[in-house]
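First the structure, in the form of structure tokens, and then the observations on it.
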Amino acid sequence: MNLSPENHFKAVIAHAKEYGFVFQSSEIYDGLAAVYDYGQMGVLLKNNIKDYWWRSMVQWNDSIVGIDTAILMHPTTWKASGHVDAFNDPLIDNKDSKKRYRADVLVEEHAEKLRQKADKEVSKAAQRFGETFDEGLYRQTNPRVVEYLAKADALMTRFVTALEAGDLEGVRQVILDEGIVCPLSGTKNWTEVRQFNLMFGTKMGSVAEGATDLYLRPETAQGIFVNFLNVQKTGRMKIPFGIAQTGKAFRNEIVARQFIFRMREFEQMEMQYFVAPGTEMEWYESWKAARMKWHHSLGFSPSKYRFHDHDKLAHYANAATDIEFQFPFGFKELEGIHSRTDFDLKNHESHSGKKLQYFDPERNESYLPYVVETSVGLDRLFLAVFSTAYQEEELPDGSTRTVLNIPAALAPIKAAVFPLIKKEGLPEVARALFQRLKREHYVVYDEKDAIGKRYRRQDAIGTPVCITIDHDSLIDGCATLRYRDSMEQERLPLDAIPSRLRELVSFEGLLE
Ligand code: GAP
């Protein structure tokens with residue numbers, strides 16, 4: 001069934017709660033904004049996504065090792081990393097709607113609208129001219145397309161220049177000159193622009209006076225940078241090599257909305273790849289391609305992904321791109337890939353007074369390595385998988401079903417085992433198979449309700465296969481496997497089921 005993107009998203013959020021995937025944090029106290037808990041199904045899906053990432057990055061990659069660093073770090077870390085001075089969002093309020101916005105988001109969305117107008121002209125022309133259409137030439141020569149694109153570029157250049165110069169009045173002027181209105185009130189009645197630091201502060205120590213001010217880490221990356229030499233020396237790592245970790249990060253997001261897309265407490269999966277200076281652009285391109293390939297391996301349409309190169313670079317980067325995903329609310333950042341130069345190591349060296357140089361035996365010289373980073377939000381990946389997998393299907397017999405087409409390797413429950421009826425020796429055989437499969441996978445046993453209803457329950461949580469024991473099973477030692485996506489059935493000997501299931505849900509399946 002074709003739901004509008006808005007209704008699809010509403011259905012996704014309701015389904016996530018109803019089936020134990022995601023709950024609002026502290027719900028009985030009316031919740032805590034932009035903080036969420038994962039339920040009994042959600043934690044399994046989340047762990048599987050994390051596991052697939054970890055295996056791809058660490059287990060299957062000879063040049064990458066994994067670590068797990070603390071959330072709390074020495075406060076100078078955040079001075080050195082630039083987060084104390086530069087981890088800010090420029091905010092602007094609309095006086096009529098009283099709504100607060102990120103100024104960069106308002107401007108970027110406006111520029112995107114101009115680019116979309118250009119795209120519209122191009123696709124109209126493509127239809128008109130058919131096969132002879134030369135898109136590249138049209139983009140360069142059609143006056144209207146050229147004008148839209150030039151306007152978008154000029155707008156972004158002006159905005160980025162003002163922001164990088166710390167000229168907040170200039171940033172506001174861009175918004176006013178472009179006639180950008182508040183999406184709610186429709187007015188241009190804007191306040192001044194202010195910078196707001198996104199780090200959460202906390203204190204360590206038993207007495208208030210002697211307590212040290214700390215921050216909850218806003219990214220996991222710094223735990224990797226400060227451990228760079230520990231890992232390099234103890235692991236006898238040779239450049240190029242990477243360090244990966246997954247873990248919680250915290251940001252006091254001002255505009256936190258869209259369910260688990262933008263949270264105040266979230267989980268990152270990051271990898272820092274340390275390379276020789278001068279080779280970073282090659283590695284940047286190679287990681288861009290590798291990460292896009294990894295996302296495609298999940299099996300969703302490649303048209304759901306695109307790169308978005310940054311116009312405004314973060315304080316640490318000399319090149320950066322986002323892998324954007326088509327969420328129900330449009331294309332948004334899923335993963336960031338950044339060439340971070342030697343910014344972090346250099347600053348940690350100067351703030352700590354400790355040498356962080358690497359001796360390169362091949363070049364016979366010491367240097368500070370450059371870093372290419374891949375950083376993906378686990379919760380965003382969860383939302384990408386969950387919202388794309390959620391389907392309300394109309395079946396050939398006119399009935400409907402809600403199904404989660406989650407890649408089998410990531411599904412929370414891998415198989416459900418049913419006796420056709422609750423008697424005549426069928427539960428005993430079904431339970432024995434359940435016990436056997438359970439040693440290797442998360443599986444469930446269900447004997448309640450009619451078989452059709454049991455299928456629907458499993459479809460709704462994304463279980464890739466249901467296995468039914470019937471009266472014939474007692475005679476021929478076989479069971480019926482019913483597959484979630486095709487709803488096709490297959491009869492297999494009981495002894496062949498463990499290996500069939502293993503093959504169906506293996507991570508290698510995704511790589512193929
Ligand atoms: N170490 C680099 C870094 O942190 P980032 O682009 O700020 O870069 C990386 O964040 C990824 O972390 C994003 O692509 C996104 O998937 C995830 N992320 C960032 N802020 C988030 C938030 N408030 N809620 C959920 N995920 C977030």
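The values are calculated or read from the model by the stated rules, or taken from the named source; none is laboratory data. Worth saying up front: this structure is predicted, and the values here are computed from it rather than measured. Note that each Cβ is placed from the backbone with ideal geometry, even for glycine, and that neighbours are counted across all protein chains shown.
Hey, among the residues in the range 302-321 that are within 20 Å of the chain's Cα centre (by Cα), surrounded by fewer than 18 Cβ atoms within 10 Å (Cβ to Cβ) and in contact (Cβ under 8 Å) with a residue 24 or more places away in the chain, which one's nearest to the ligand (Cβ to nearest atom)? So, considering only residues that are within 20 Å of the chain's Cα centre (by Cα), surrounded by fewer than 18 Cβ atoms within 10 Å (Cβ to Cβ) and in contact (Cβ under 8 Å) with a residue 24 or more places away in the chain, the one nearest to the ligand (Cβ to nearest atom) is Ala314. Within the range 216-250, being of a type outside the set (A, V, I, L, M, F, W, C), within 14 Å of the ligand (Cβ to nearest atom) and either without any contact (Cβ under 8 Å) to a residue 60 or more places away in the chain or in a strand (DSSP E or B) (or both) holds for Gly242, Gln245, Thr246, Gly247, Lys248.
The residue that is farthest from the chain's Cα centre (by Cα), among those in the range 251-275 that are more than 9 Å from the ligand (Cβ to nearest atom) and not in a loop (DSSP other than H, G, I, E, B), is Val275.
The condition of being of a type in the set (Ser, Thr, Tyr), touching a residue at least 24 places away in the same chain (Cβ under 8 Å) and away from the ligand (no atom under 15 Å from the Cβ) holds for Ser350. For the range 322-331, taking the residues that are assigned to a strand (DSSP E or B) and surrounded by fewer than 18 Cβ atoms within 10 Å (Cβ to Cβ), the one that is farthest from the chain's Cα centre (by Cα) is identified as Gly330.
The set of residues in the range 414-430 being surrounded by fewer than 16 Cβ atoms within 10 Å (Cβ to Cβ) and in a helix (DSSP H, G or I) consists of Glu428 alone.
Looking across the range 439-453, the residues that are buried (at least 16 other Cβ atoms within 10 Å of the Cβ) and more than 10 Å from Val417 (Cα to Cα) come down to Tyr442, Ile451. Selection over the range 386-404 of residues that are among the hydroxyl-bearing types (Ser, Thr, Tyr), in contact (Cβ under 8 Å) with a residue 24 or more places away in the chain and away from the ligand (no atom under 16 Å from the Cβ) gives a count of 3. For Leu356, state whether it is part of a loop (DSSP other than H, G, I, E, B), of a type in the set (A, V, I, L, M, F, W, C) and more than 16 Å from the ligand (Cβ to nearest atom). Here the answer is yes, as Leu356 does meet what is asked. More than 16 Å from the ligand (Cβ to nearest atom), basic (Lys, Arg), closer than 29 Å to Tyr52 by Cα and outside any loop (DSSP other than H, G, I, E, B): is that true of Arg340 in this structure? Spelling it out, it is not the case that Arg340 is more than 16 Å from the ligand (Cβ to nearest atom), basic (Lys, Arg), closer than 29 Å to Tyr52 by Cα and outside any loop (DSSP other than H, G, I, E, B). Can you find a residue in the range 191-213 that is at pLDDT 95 or above, of a type outside the set (Val, Ile, Thr) and in a helix (DSSP H, G or I)? No; the residues of the range 191-213 include none that is at pLDDT 95 or above, of a type outside the set (Val, Ile, Thr) and in a helix (DSSP H, G or I). From the set of residues in the range 251-263 that are crowded, with 20+ Cβ neighbours inside 10 Å and of a type outside the set (A, V, I, L, M), which is farthest from Thr69 (Cα to Cα)? Filtering first and then ranking leaves Phe259.
Suppose the filter is small (Gly, Ala, Ser) and modelled with pLDDT under 90; does Ala154 pass it? No: the conditions fail for Ala154.
For every residue, the table says whether it meets (1) in contact with a strand residue (DSSP E or B) (Cβ under 6 Å, 6 or more places away or on another chain); (2) free of Cβ contacts under 8 Å to residues at least 12 places away in the same chain.
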residue	(1), (2)
Arg102	yes, no
Arg115	no, no
Leu155	no, no
Asp167	no, yes
Glu178	no, no
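When the range 359-385 is filtered for residues that are buried (at least 22 other Cβ atoms within 10 Å of the Cβ) and more than 14 Å from the ligand (Cβ to nearest atom), the ones remaining, listed by number, are Pro369, Tyr370.
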